[in-house]
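See structure below.
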Amino acid sequence: MPLYEYVCRRCRHGFETLVLGADVPSCPACRATDLERVLSVVAIPRSSGEGSAAMSAPPVGGCGSCGDPRGPGACAFD
């Protein structure tokens with residue numbers, strides 16, 4: 001049961017959803033099924049000492065700092 005991130009091609013709403021089997025996801029904003037699956041960005045700490053500091057610090061430069069409303073990494077697809 002993978003969790004995927006999508007952007008609706010009709011209204012450009014970004015969201016994530018759990019996809020079960022052959023289910024076809026739809027946009028929660030406009031109910032369209034014409035969706036673009038986007039790359040998810042996952043942050044995994046390397047050690048227990050780094051985890052709390054790395055997870056609580058705001059992004060400085062790079063992915064997530066541009067303010068794109070579709071979320072981190074979305075601007076790379078433009």
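A short reminder: the numbers here are calculations on the coordinates, not readings from a lab. Fair warning: this is a prediction, and the values are worked out from it, not measured in the lab. Positions of Cβ are backbone-derived with ideal geometry, glycine not excepted, and every protein chain shown enters the neighbour counts.
Between Ala22 and Asp68, the modelled labels are 3.3 nm apart [label points 7 Å from Cα along Cα→Cβ]. Were the residues from His13 through Glu36 laid out at 0.36 nm apart, the gain over their Cα-Cα distance would be 7.2 nm.
Please state the shape class of the range 1-40: rounded when a/c is under 1.5, otherwise prolate if a/b exceeds b/c and oblate if not, all from the C-alpha gyration tensor. The shape class here is oblate. Just add up the charged neighbours of Thr17: K/R +1, D/E -1, any other residue whose Cβ is under 14 Å from the Cβ of Thr17. That works out to -2.
In plain terms, the residue of Leu3, Leu35 with the fewest other Cβ atoms within 10 Å comes first and the most crowded comes last, giving Leu3, Leu35.
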